[in-house]
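The values are calculated or read from the model by the stated rules, or taken from the named source; none is laboratory data. What you see is a predicted model; the values in this text were computed from it and never measured. Because the Cβ atoms are built from the backbone with ideal geometry, glycine has one as well, and the counts that use them run over all protein chains shown. Surface areas here come from the heavy atoms of the whole protein model, side chains and all, with no ligands, DNA or RNA. Shrake-Rupley method; radii C 1.70, N 1.55, O 1.52, S 1.80 Å.
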Amino acid sequence: MKPAVPSPAALPATEPDDAARPARRWAITTTTGEKVTGYLPPWATEDPSEADVQPEKLAARLADVCHYTEFPGQVLQAYSPGNVTDEPEELEVMSSSITCTPYAPAPELAVPVVTVRVAGEYWMTDLDPAGVAGLVVGLRAVADRLDGVVIPQLNTVRAEWTAHHSAGARP
């Protein structure tokens, strides 16, 4: 996996005046002419429109409607016990997406939510704005601790080590 880390200009952007643009729609039409339509958000990366669906498959098709957009994470070098070369490899952390499944079985999931892929197969799902804000607070706390505590302590420990350690000295 070698995902590129795009510049902020390459990330999906929201337009300030969404009301000026006509709303996009998707449509699923059955072979008997039944037609179900819905709002297709401007940020959705795919249009679920489909024609000639067998009527008995309509409910399954509607359950599969999912609007989404993805945001890249940060690519870091990390070790893994599964890597046979024993060298660090690229690992994308904290990638995210906004998803909306309008026909979700639970009403709270039928509105846009965020999913964060922490790393590998670890996910944080169905985050509402407060959930994302809580994650941001937690990540800032980790970054602040690394910056304000770990780095200064590492500098002190390294200076002490250099002053007192003699390479190759034996007792």
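Pick from Asp147, Asp128, Asp52: which residue has the top mean-square fluctuation in a GNM of the chain where Cα pairs under 10 Å get a spring?
Result for the chain, Cα springs under 10 Å: Asp147 fluctuates most.
Name the long-range amide H neighbours of Val53: under 5 Å, sequence gap of 5 or more, or other chain; modelled H, no Pro or chain starts.
Thr29, Thr30, Thr31
For region 24-167, what % of the accessible area comes from carbon and sulfur atoms, probe 1.4 Å?
Ligands and nucleic acids excluded, carbon and sulfur give 58 percent.
Post the alpha-carbon centroid distance, region 88-108 to region 121-171, in whole angstrom.
One Cα centre to the other: 26 Å.
Let me check something: with ligands and nucleic acids excluded, how do Val142, Val132, Val113 order by accessible area (1.4 Å probe), largest to smallest?
Working: Val142 65, Val132 45, Val113 10 Å².
Largest to smallest exposure gives the sequence Val142, Val132, Val113.
Applying a 10 Å radius around every beta-carbon, put 90-100, 34-44 in order of their mean neighbour count, most first.
90-100, 34-44
Excluding Val116 itself, calculate the net charge of residues whose Cβ lies under 15 Å from the Cβ of Val116, where each Lys or Arg counts +1 and each Asp or Glu counts -1.
Result for the neighbourhood of Val116: -3.
Helix 151-164: angle to the longest alpha-carbon principal axis of the chain, degrees 0 to 90, nearest 10?
Once rounded, one gets 20 degrees.
Could you work out how far helix 129-145 tilts from the main Cα principal axis of the chain, as a 0 to 90 degree angle to the nearest 10?
10
What FRET efficiency comes out for Met124 versus Asp144 if R0 is 22 angstrom and r is the Cβ-Cβ distance? Round to the nearest 0.05.
On the way: r = 20 Å, r/R0 = 0.92.
So the FRET efficiency works out to roughly 0.60.
Which FRET efficiency, nearest 0.05, do Glu108 and Ala23 yield, Cβ-Cβ r, R0 30 Å?
Working: r = 23 Å, r/R0 = 0.78.
Once the sixth-power term is evaluated, E becomes 0.80.
Under the Karplus relation 6.51 cos²θ - 1.76 cosθ + 1.60, θ = phi - 60°, what is the ordered set of whole-Hz ³J(HN,Hα) values for region 63-71, x standing for Gly and Pro?
So the Karplus estimates, Gly and Pro as x, are 5, 7, 5, 9, 8, 8, 9, 10, 10 Hz.
Could you size up the charge dipole of the chain around its Cα centre, putting +1 on the beta carbon of Lys and Arg and -1 on that of Asp and Glu, and report it in debye to the nearest 20?
That gives the chain a dipole magnitude of about 340 debye.
Tell me which label goes with the value of Rg/Rh (Cα atoms, Kirkwood Rh) computed from the coordinates here: [x] 1.28; [y] 1.17; [z] 0.96.
[y]
Using a 1.4 Å probe and ignoring any ligands, DNA or RNA, find the accessible area of Asp86 and quote it in Å² to the nearest 10.
The value for Asp86 is about 120 Å².
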